[in-house]
Amino acid sequence: MKRKVKIYTHACSLDCYDLCKFKVIKKGGSIKEIVGAKDNKFTKGIICQKGRAHLARLYDKTRLLKPRLKVNGNWKEIEFEEAIDIIADKLTAYKKEFKSTSIAYYEESGAGGTLKGIPGKFFNFFGGVTTSLGSNCWGAGTKATLYDFGDARTSDLEETQNAKTIILWGRNPFSTSIHLYERMLKAKKNGVKIITIDPRVNETSKISHIHVLVKPSTDGALAMVITKLLIEEKKLDSKFIEENIYGYDEYKSYLDTLDLNYLIGETGLDLKTIHELKDTLLAGKVSCFIGYGMQRYSNSGNAVRAINALMSLTKNIGIEGSGVFYSNRVYSNLLNDDPFKSESFKTEKRTFYVSEFADFIEENHDAHETPLKSVFIAKCNPLSRYANLNKLEKAYEKIEFKVCINMFMTDTARASDLVIPCTNTLESEDIISSGMHNPHLLYNEKVVEPANKLMDEYYFFQKLAEVMEMKEYPQVEKEEYINKILSSVSLDIEKLKKQEINLSKDEIAWSDFDFSTPSGKIEIYSEEAKKDGLSPYPVYIESLKISEEYPMRLISPHHKNSLFAQHTKDMNDRSKLYVSPNRLEGYEVGEVVKIYSIYGEIETEIHVDETLSDDLVYIYAIWSKKNGNPNFLTYNGKSEMGGQVTFYDTFINIRKNN
């Protein structure tokens with residue numbers, strides 16, 4: 001008998017720029033293929049290997065299907081009902097003896113979808129728990145963008161076709177944004193100039209007309225050099241500034257205090273290259289895409305503010321083909337993802353910065369008044385992703401009861417006491433939107449059933465609330481919950497199924513020049529930043545620098561085939577360190593070496609990148625502990641704004657592995 005073929009619509013749940021829309025092909029009872037949706041104006045039928053890998057992860061033989069409880073150091077499979085009873089007893093006891101904030105809940109964005117965030121709503125109904133501030137991803141740049149523009153927006157990617165120049169400032173869309181890359185290739189064919197600004201020559205550099213090899217952590221200095229030259233040459237439009245920009249005079253006065261040659265020296269660039277960038281910006285129609293890697297230094301929030309100021313002062317904002325783009329908050333502003341008002345039940349609150357998680361545990365795990373007794377981890381793998389992992393591993397052990405929700409036995413799951421398996425995105429109905437490029441709000445159909453209904457976090461926490469007799473918790477079906485969210489934008493599931501929904505205000509970000517700042521203008525001088533104890537205008541702060549003992553800065557860029565370690569869990573290779581030809585001296589390519597920082601050491605293979613300077617090395621951010629994870633070396637500092645972890649202020653040395 002011929003098996004019936006059915007096609008479902010779905011969107012990628014990975015935390016990357018693009019939020020691709022899928023067509024999922026199911027034959028009989030199983031999924032056969034995931035392809036890009038050609039009818040989606042953003043995706044255009046193109047998806048990457050990471051997106052296709054949802055299928056392999058769904059049917060992976062090592063996937064968890066039942067909860068696992070650690071008993072005397074060994075793992076024991078238990079039923080979901082037993083796991084729920086254990087959690088209910090623990091939560092009830094901790095709250096009664098201490099406070100609800102003796103429990104911490106930590107999530108990131110490893111699994112997208114609005115209802116994947118349901119554990120946070122549960123803990124609000126529970127009374128409020130300890131949660132995190134700051135970011136491992138985009139915190140400094142996000143805060144900078146909000147200070148300057150009052151909001152975060154991006155233009156439709158098709159606007160790249162109207163640009164004269166596309167600047168990728170710390171962005172490598174070859175690896176991180178396949179749809180921006182595709183549109184860049186098209187734009188290049190039509191005569192658009194491509195410029196990459198990055199301390200290493202990356203894959204996108206190879207299609208760029210110019211690669212500006214700026215020194216790490218000096219992006220702010222570069223933006224300020226160009227701005228100073230524009231001011232000195234009287235090339236700025238005073239009328240435009242008066243009408244649209246707040247705080248120009250104060251910023252100019254600050255820039256007057258900076259020595260031009262000092263700033264140029266910081267960047268490591270020659271004046272000819274800087275003038276070429278300046279003239280490009282003056283020519284107009286420049287689309288600048290700022291990457292997240294360039295804001296992983298201690299001075300990075302100010303760097304993003306300086307770039308925003310430069311793009312604004314040169315009038316490359318709000319008009320066709322122009323703009324400075326970091327992220328997009330359209331749907332986070334419009335959708336009410338808390339339709340049953342869980343926040344109103346949160347009577348207790350305690351927070352920690354993600355960069356200080358280990359310190360927070362050490363200071364509070366046995367505190368007299370409110371000890372930290374338990375932690376719940378969802379949508380992330382902090383014992384792989386965090387900086388200074390040696391410190392975090394030791395601290396994490398001291399928490400009495402640790403619960404990890406994941407599809408696999410990750411490094412964090414192995415270090416926990418109870419692991420709850422969860423659904424693959426293809427097993428779960430949800431709605432999803434992007435905080436980056438894709439302007440569409442998308443509906444994810446459930447394509448296949450999970451092995452157990454309680455693998456879906458929505459139903460797991462609903463059952464947990466029932467067992468704990470949390471009477472105010474919403475015991476409603478998913479469809480009702482989703483429709484209540486969508487009602488905040490006058491939509492429902494049926495409407496979302498039938499049409500592409502794009503609630504972006506316009507195709508060109510800020511074309512109305514209506515900014516959500518206190519002044520209603522672009523704010524180079526931000527009273528909000530001043531209230532937060534920061535400089536109200538962008539300032540240049542020297543980042544940490546190399547030393548004789550640790551003469552190389554380590555960065556950890558994204559790889560095109562994996563989002564962190566999500567797609568490399570089965571790899572048994574060692575991590576690979578890329579160094580300059582001079583740094584390879586005394587070693588063989590592929591040789592296993594030890595690299596070390598003040599925080600730890602790992603074994604890794606050494607390889608050469610001919611384009612690197614002698615003081616810069618990199619390891620892709622895809623490795624687990626068993627492979628030689630660079631986060632056992634990284635610095636868990638905090639950026640000057642936004643609480644961004646400063647992974648790239650890490651310095652290392654190399655020695656023979658003997």
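Given R₀ = 41 Å, FRET efficiency for Leu503-Lys188 by Cβ-Cβ distance, to 0.05? My answer for the efficiency is 0.85. Each part gets one Cα centre, and for region 167-194 versus region 581-596 those centres are 33 Å apart.
For region 313-413, carbon and sulfur atoms together expose 45% of the accessible surface, with a 1.4 angstrom probe and every protein chain in place.
Per-residue SASA remark: Asp15, around 60 Å² accessible (1.4 Å probe; ligands, DNA and RNA not included). Candidate values (1) 49.6; (2) 30.5; (3) 32.1 were compared with mean projected area of the Cα convex hull in nm² computed on the shown model; the agreeing label is (2). For region 204-275, a simple Cβ point-charge model (Lys and Arg +1, Asp and Glu -1, everything else neutral) yields a dipole of about 400 debye relative to the Cα centre. Summary value for region 342-395: 33 percent relative contact order, contacts being C-alpha pairs under 8 angstrom separated by 6+ residues.
Would you rank Asp156, Asp337 by solvent-accessible area, highest first, keeping every protein chain in place and using a 1.4 Å probe?
Details: Asp156 50, Asp337 75 Å².
Ranked from most to least accessible, the order is Asp337, Asp156.
Note on Thr423: accessible area is roughly 0 Å² with a 1.4 Å probe, heavy atoms of protein only. Spatial offset of region 402-430 relative to region 22-76 amounts to 14 Å, using the alpha carbon center of each. Full extension of the segment from Asn74 to Thr347, taken as 0.36 nm per residue of separation minus the current Cα-Cα distance, would add 94.6 nm.
Among the protein heavy atoms of region 512-653, carbon and sulfur supply 47% of the accessible surface, probe 1.4 Å, non-protein parts ignored. With 22 Å as the limit on Cα-Cα distance, the pairs of Lys23/Lys497; Lys228/Lys278; Lys21/Lys61; Lys402/Lys478; Lys143/Lys193 that go past it are Lys21/Lys61; Lys402/Lys478; Lys143/Lys193. In the chain, if the dipole is taken from +1 on Lys/Arg beta carbons and -1 on Asp/Glu beta carbons about the Cα centre, which of Ile178, Leu612, Thr101 is farthest to the positive end? About the Cα centre, the residue reaching furthest to the positive side is Ile178.
Probe radius 1.4 Å, ligands and nucleic acids ignored: give me the carbon and sulfur share of the accessible area of region 92-216 as a rounded percent. Spell out each step's value before the answer.
On the way: 2020 of 3860 Å².
That share works out to 52 percent.
Applying 1/(1 + (r/R0)^6) with r as the Cβ-Cβ distance of Leu271 and Glu33 and R0 = 56 angstrom yields a FRET efficiency of 0.55.
Residue order by solvent-accessible surface for Lys66, Lys234, Lys6 is Lys234, Lys6, Lys66, largest first, with ligands and nucleic acids left out and a 1.4 Å probe.
With +1 on each Lys and Arg Cβ and -1 on each Asp and Glu Cβ, how big is the dipole of the chain about its Cα centre, in debye rounded to the nearest 20? Walk me through the intermediate numbers first.
Working: 89 positive and 93 negative charges, 465 e Å.
Roughly 2240 debye, rounded to the nearest 20.
Solvent-accessible area per residue in the chain equals 40 Å², computed with a 1.4 angstrom probe and all protein chains kept.
Subtracting the Cα-Cα distance from 0.36 nm times the residue separation, let me have the gained length for Thr611 to Lys484 in nm, one decimal. Provide the component values of the computation, followed by the final result.
Working: separation 127, 0.36 × 127 = 45.72 nm, distance 5.32 nm.
Difference between extended and current length: 40.4 nm.
The count of lysine pairs in region 504-658 with alpha-carbon distances below 17 Å, taking only pairs 8 or more places apart or on different chains, stands at 13. Summarising the strand pairing of region 326-446, around 25 percent of its internal DSSP beta bridges are antiparallel. Charge dipole (Cα centre; +1 on Lys/Arg Cβ, -1 on Asp/Glu Cβ; no other charges) of region 394-528 amounts to roughly 360 debye.
Counting heavy atoms of the protein chains alone, Cys404 has an accessible area of about 0 Å² for a 1.4 Å probe.
The relative contact order of the chain comes to 21 percent, based on Cα pairs under 8 Å that sit 6 or more residues apart.
Take each peptide in 81-88, 25-32, count the other Cβ atoms within 10 Å of every residue, and average; sorted highest first, the result is 81-88, 25-32.
Over the chain, dividing the summed -39,500 (n - 2.57) contributions of all DSSP H runs of at least 4 residues by the number of residues returns a 222 nm mean residue ellipticity of -8000 deg cm²/dmol. Modelled spin labels at Asn336 and Asp532, positioned 7 Å past Cα toward Cβ, are 2.7 nm from each other. The residues neighbouring Leu146, those whose beta-carbon lies less than 9 Å from its own, together hold a net charge of -1 under the Lys/Arg +1, Asp/Glu -1 convention.
Beta bridges from DSSP with both residues in the chain: antiparallel share about 50 percent, rounded to the nearest 5.
Considering only alpha-carbon pairs that sit under 8 angstrom and 6 or more positions apart, the relative contact order computed for region 93-182 is 20 percent.
The values are calculated or read from the model by the stated rules, or taken from the named source; none is laboratory data. Here the structure is a predicted model, which means the values were calculated and not measured. Ideal geometry is used to build each Cβ from the backbone, glycine not excepted, and the neighbour counts take in all protein chains shown. For the accessible areas, the whole protein counts, side chains as well, though only heavy atoms, and no ligand, DNA or RNA atoms are used. Shrake-Rupley method; radii C 1.70, N 1.55, O 1.52, S 1.80 Å.
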